[in-house]
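Below is one structure, written out as C-alpha cells, with a few remarks after it.
The values are calculated or read from the model by the stated rules, or taken from the named source; none is laboratory data. Please read all numbers here as calculations on a predicted model, not as lab measurements. Positions of Cβ are generated from backbone atoms using ideal geometry, with glycine treated the same way; all protein chains shown enter the neighbour counts. Side chains are part of the model used for accessible areas, which takes the heavy atoms of the whole protein and leaves out ligands, DNA and RNA. Shrake-Rupley method; radii C 1.70, N 1.55, O 1.52, S 1.80 Å.
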Amino acid sequence: MSPYALSVLMSSLAIGTITTLSSTHWFLAWMGLEINTLAIIPLMTKMHHPRATESATKYFLTQATASALILFSTTINAWVLGEWTITNLNPMSSMILTIALAMKLGIAPFHLWLPDVLQGLNLMTGLILSTWQKLAPMALLIMINQQLNSSLLVMMAILSTIVGGWGGLNQVQMRKIMAFSSIAHLGWMILILTFSPTLTILNLMIYILLTSSMFMMMINLYSTNINKLATSWLKTPTLSASMMITLMALGGLPPTSGFLPKWLILQEMTKQHMGLISTIMAMSALLSLFFYLRLSYSISLTTAPNISNSNLMWRTQLKPLMILPATIILSLLLMPITPLLLTTIT
C-alpha cells in the first residue's frame with residue numbers, strides 16, 4: 001500500500017475515534033464510528049487474498065447493521081425526549097443501543113463475526129482491530145453507564161466469558177485464540193460497567209497493553225499458529241520467554257498486570273452482594289487460563305521436535321518494534337502501582 005494512502009487511513013482512524021470520544025451529540029458520535037469503520041476496511045483488504053476480502057465483507061456487514069441500530073435508537077430517543085444529548089436516554093433506546101454497541105465490540109451473543117474476521121487479516125491490522133477499534137464503542141458505553149440495563153449487561157458478560165474461554169480451547173490459530181481472548185476480556189469489562197466505570201477503564205487499558213504486546217511479539221516471531229510458535233526459541237529465546245509470561249498475564253495469574261483487573265472486579269462484585277455471579281466469572285476465567293497455559297507450554301515444552309533445518313530462522317532477520325520492550329514491562333509489572341493507577345483514573 002502507498003505510504004500516502006496508509007497515512008490518510010491511519011489519520012482517519014484517529015479522527016473517527018477522537019470525534020466519538022469528544023462528542024456530546026449522538027449524530028456526531030455516530031459519524032465518528034462510521035469514519036472508523038470505513039477507514040479500516042481498505043487496511044483489511046490490502047492483502048490480496050480471498051480470505052481478506054471475506055473478512056472485510058463480514059466486518060462491513062456487521063458494522064453497518066450495528067450503525068443502523070445506533071441511528072435507529074438515537075432517532076427514537078430524539079423523538080421521545082426531543083434532544084440528541086448522549087447522556088439522556090429512554091429505556092427502549094438504551095436497550096437497542098446496548099445491543100448495537102455489543103455488536104460493534106464483539107460481545108457474546110453477537111460475537112460470531114470476530115474470530116472469522118480476525119483470522120483473515122494480517123497481524124498488524126488484527127492488532128488495530130483488537131485494540132484501537134474497541135475504544136470508541138467502549139467510550140460510548142462508559143458515557144451512558146448509568147442508563148444501561150445492568151441485568152442485560154451481566155447476562156452478556158457471563159455469556160462472553162464462557163464463550164471466550166470455551167471457544168478458544170480447541171483452536172490452533174493464534175489470531176482466533178486472540179479473538180476469543182478479546183471476547184472473554186470484554187465480558188469482564190461490561191460486567192463491572194454499571195457498578196464501577198473506573199474499573200472498566202482500568203481493565204480496558206490493561207487489555208490493550210497485553211493484547212498489543214502479544215500481537216507485536218507474534219509479528220516479530222512470524223507466528224500465526226501453535227506449530228510456528230513452537231519454533232520461536234530458535235529465533236529469540238528472550239522474546240519467547242517474555243511471550244510465555246505475557247500469556248500468563250492474559251490468563252490473570254498473579255503477580256502479573258492481568259491479575260489486577262480480575263481481582264478488583266471480583267472484589268467489587270462481592271461488595272455488591274453478587275457472590276454467585278462472581279463465582280461463575282472466576283470459574284469461566286479458568287477456561288481461558290487453560291488455553292493460555294497450553295500456548296505457554298507449546299512455546300517451551302510440549303510441541304516436539306523444537307528444531308528447524310530452515311535457513312529462515314536466523315535471529316539476524318528479526319526487526320523488533322521499538323515500543324515492544326515498554327509494553328512487555330507494563331504488561332508484567334503494573335501490580336505494585338495499583339493505588340496510583342486507580343487514583344489517576346478516578
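State all residues of the stretch 132-160 that are modelled with pLDDT of 95 or more and among the hydroxyl-bearing types (Ser, Thr, Tyr); if no residue qualifies, say none.
SER160
Every residue in the stretch 258-276 that is open to solvent by less than 70 Å² (accessible area, probe 1.4 Å) and part of a helix (DSSP H, G or I), please.
Once the filter is applied, which keeps residues that are open to solvent by less than 70 Å² (accessible area, probe 1.4 Å) and part of a helix (DSSP H, G or I), the stretch 258-276 yields PHE259, LEU260, PRO261, LYS262, LEU264, ILE265, LEU266, GLU268, MET269, GLY275.
Which of the residues belonging to the stretch 1-52 are over 18 Å from LEU127 (Cα atoms), free of Cβ contacts under 8 Å to residues at least 60 places away in the same chain and among the polar types (S, T, N, Q)?
Once the filter is applied, which keeps residues that are over 18 Å from LEU127 (Cα atoms), free of Cβ contacts under 8 Å to residues at least 60 places away in the same chain and among the polar types (S, T, N, Q), the stretch 1-52 yields SER2, THR19, SER22.
Only one of these conditions is not met by GLN171: (1) buried (at least 18 other Cβ atoms within 10 Å of the Cβ); (2) touching a Gly at 6+ places or on another chain (Cβ under 9 Å); (3) not small (Gly, Ala, Ser). Which number is it?
Here GLN171 meets the rest and fails (2).
Every residue, every condition in (1) in contact with a Leu (Cβ under 6 Å, 6 or more places away or on another chain); (2) over 29 Å from TYR59 (Cα atoms), yes or no:
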| site | (1), (2) |
| --- | --- |
| LEU191 | no, no |
| PRO197 | no, no |
| THR238 | no, yes |
| GLY251 | yes, no |
| TRP263 | no, yes |
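Applying the selection to the stretch 228-257, what residues are outside any helix (DSSP H, G or I), over 17 Å from THR327 (Cα atoms) and open to solvent by less than 50 Å² (accessible area, probe 1.4 Å)?
Correct list: THR231, LYS235, THR236.
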